Amino acid sequence: MPGMNDFAGKTALVTGGGTGLGLEVSTRLGRRGARVVCASRDTAHHAELIERGRAEGFEVVSVELDVADPAQVKDVVRGLDRVDVLINNAAGNFIRPAMALAPKAFSTVIDIALNGVFYMSRECGRKMRETGGAIVNISAPYAFSGKPGVVHSACAKAGVESMTKTLAAEWSEHKIRVNAVSPGPFRSDGAAERLWPSDEIEQAVLNQIPAGRFGTVAEIAKLVCLLASDEASWITGSILVADGGWTLPPPLPGGKVQRRR
């Protein structure tokens, strides 16, 4: 297991770092010695992380940032003395059939979840190219499989996975590793309201998971921190799926293997 202080002396920038998965990742990085730069559009969301930092003795820098605005991204990143770890966690998602999805809604999700990942990666990559670093993107299994109701997010995440591999190949010479975690359904702040807004939909999603339960933010955050750490020093360009078997083919009726005669 990585040492408790393995991020000491490092600066980790986490987008959307004050809520849900971002909060869990930020907290774990801080506990392991990192100075955590928490970036999102609403700094009021950073209050809990700041309080955890005070209570547990790790530094938190709160910055207001819209990742979809390249000028803001440039100003924020260039204002930091260093960036050793970037976690591209900021995203937008909701259930909407494609025929009912407004063009503005589609472009907004693309701006945040795809363009924003590029803007952040480019600026932080420029910062890291002299010292090396690690970038971890958050994807989703439907980037590969597709999924009804999330065409906006699926397109964005498919682009993120392609970007992950492309930047990993391009930036290896600078000792910058780029990987992604692709989590299946997990419980976090706001997930239920946006993605399974009724008990019926929640049960339908649960029925699709062979492991029989939703994931947790702790389980996903552990994987994110692993890929960001030196424990994963020879891993780059990888997409790590953690979904309780959600994307596996469903079992046959009765669980029996059908044999040819």
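We did not get these values from a lab; they are worked out from the coordinates using the rules stated. Since this is a predicted model, take the numbers as computed values, not measurements. Heads up, the Cβs are rebuilt from the backbone with ideal geometry, glycines too, and the neighbour counts pull from every protein chain shown.
So here's what we get for this one:
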| read-out | value |
| --- | --- |
| Sum of -39500 (n - 2.57) over DSSP H runs of 4+, divided by residues of the chain (222 nm, nearest 500) | -11500 deg cm²/dmol |
| Sum of side-chain charges, residue 206 neighbourhood, beta-carbon under 14 Å (Lys, Arg +1; Asp, Glu -1) | -2 |
| 0 to 90° range, to nearest 10: angle between helix 47-56 axis and the chain longest Cα axis | 60 |
| Per-residue ³J(HN,Hα) for region 83-95, Karplus 6.51 cos²θ - 1.76 cosθ + 1.60, θ = phi - 60°, Hz, x for Gly and Pro | 9, 9, 9, 10, 10, 8, 9, 4, 7, x, 7, 6, 8 |
| Ranked by how many other beta carbons lie within 10 Å on average, peptides 213-223, 46-56 from highest | 213-223, 46-56 |
| Per-residue HN-Hα couplings for region 103-116 [Karplus 6.51, -1.76, 1.60; θ = phi - 60°; Hz; x = Gly/Pro] | x, 5, 5, 4, 5, 5, 5, 4, 4, 7, 7, 10, 4, x |
| Separation between Cα centres of region 31-46 and region 5-28, rounded to whole Å | 7 |
| Diffusion constant of region 18-156 at 20 °C, which comes from Stokes-Einstein with the Kirkwood Cα-pair radius and 1.002 mPa s, µm²/s | 134 |
| For residue 241, distant residues with modelled amide H under 5 Å away | 182 |
| Inter-part distance where region 120-149 and region 227-255 are each reduced to a Cα centre, Å | 16 |
| Long-range amide H partners of residue 176 with built H, under 5 Å | 133 |
| Estimated vicinal HN-Hα couplings, Hz - region 205-216 in sequence order (Karplus 6.51, -1.76, 1.60; Gly, Pro = x) | 5, 4, 5, 8, 9, x, 5, x, 7, 6, x, 10 |
| Straight-distance crosslink candidates among lysines, where the alpha carbon sits under 22 Å from residue 222 and sequence neighbours closer than 8 are dropped | 10, 157, 165 |
| All Cα pairs of region 93-143, percent lying beyond 18 Å | 47 |
| Computed log₁₀ I(q)/I(0) - Debye formula, equal Cα scatterers, no solvent, region 11-242, q 0.13, 0.14 Å⁻¹ | -0.74, -0.86 |
| Long-range amide H partners of residue 186 with built H, under 5 Å | 215 |
